Amino acid sequence: PQPRLASEQRALTPLMKVKVKSTSISNTKERPGAKALRSVSYRVMSLARPQLSTLVWGFIGLAGGSGINLLFPYIIGKALNEELGFSLTDGLPVLMGILFLLFAIQSLCFYVRHFCFYAVGHHIVASLRNALYRAIMEQDIEFFDRSKVGDLLSRLASDTQVVQRAVTVNVSVAV
């Protein structure tokens, strides 16, 4: 990747300024770059703040689907040990019905998670692109003389997609 021009850096600077209170939890020495990573995480999450309710529903779907996923081996173990009140030979249709119902609820939870996280990601990318477009349009003519239009368009398209993936897929996987 080519180094950024000073004027290009000024165009992106308004997007990078988000005021965040820093708090110190302990007196232990931090890893190098940990503070910068935390700062980037706060900035990315601040972009998601307007869609907080949708994000909460996504986390509820994630927790529900993951919790139900833990119930499958538990219920099968109880059925094999005949602790559910019926034998496996007599109650197999009931057990299959319970497992199918749990699977359907889990599918619904994972659908809610997927829909909410991707909706938040698309909203963030749209607002980020609008802000970046506004910042680029406010530049002087000399900025466009020194910068390649293709590089600016590439940055507008690809960098916002990286942010979308960070907010949607990576947050879901990390939790």
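The values are calculated or read from the model by the stated rules, or taken from the named source; none is laboratory data. No experiment lies behind these values; they were computed from the predicted model shown. Note that we place each Cβ from the backbone using ideal geometry, even for glycine, and neighbour counts take in every protein chain shown. We work out accessible area using only protein heavy atoms, side chains counted, and drop any ligands, DNA or RNA first. Shrake-Rupley method; radii C 1.70, N 1.55, O 1.52, S 1.80 Å.
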Original post:
For ALA157 and SER87, what is the calculated FRET efficiency with R₀ set at 45 Å and r taken between the beta-carbons, to the nearest 0.05?
Top reply: 0.15
Subject >> Cut-off 13 Å between beta-carbons: net charge of the residues surrounding VAL120, Lys and Arg +1, Asp and Glu -1 >> reply: +3
Original post:
What's the local net charge at LEU84, with K and R +1, D and E -1, over the other residues with C-beta under 13 Å away?
Top reply: -2
Subject >> Cut-off 12 Å between beta-carbons: net charge of the residues surrounding ARG129, Lys and Arg +1, Asp and Glu -1 >> reply: +1
Original post:
What does the charge dipole of the range 63-175 about its Cα centre add up to, to the nearest 20 debye, if the Cβ of each Lys and Arg holds +1 and the Cβ of each Asp and Glu holds -1?
Top reply: 120
Original post:
Hey, rough spin-label estimate for LYS35 and ASP145, points 7 angstrom out along Cα→Cβ, what's it come to in nanometres?
Top reply: 3.9
**OP:** Please arrange ASP159, ASP90 by accessible surface area, largest first, computed with a 1.4 Å probe and ligands excluded.
**Re:** ASP90, ASP159
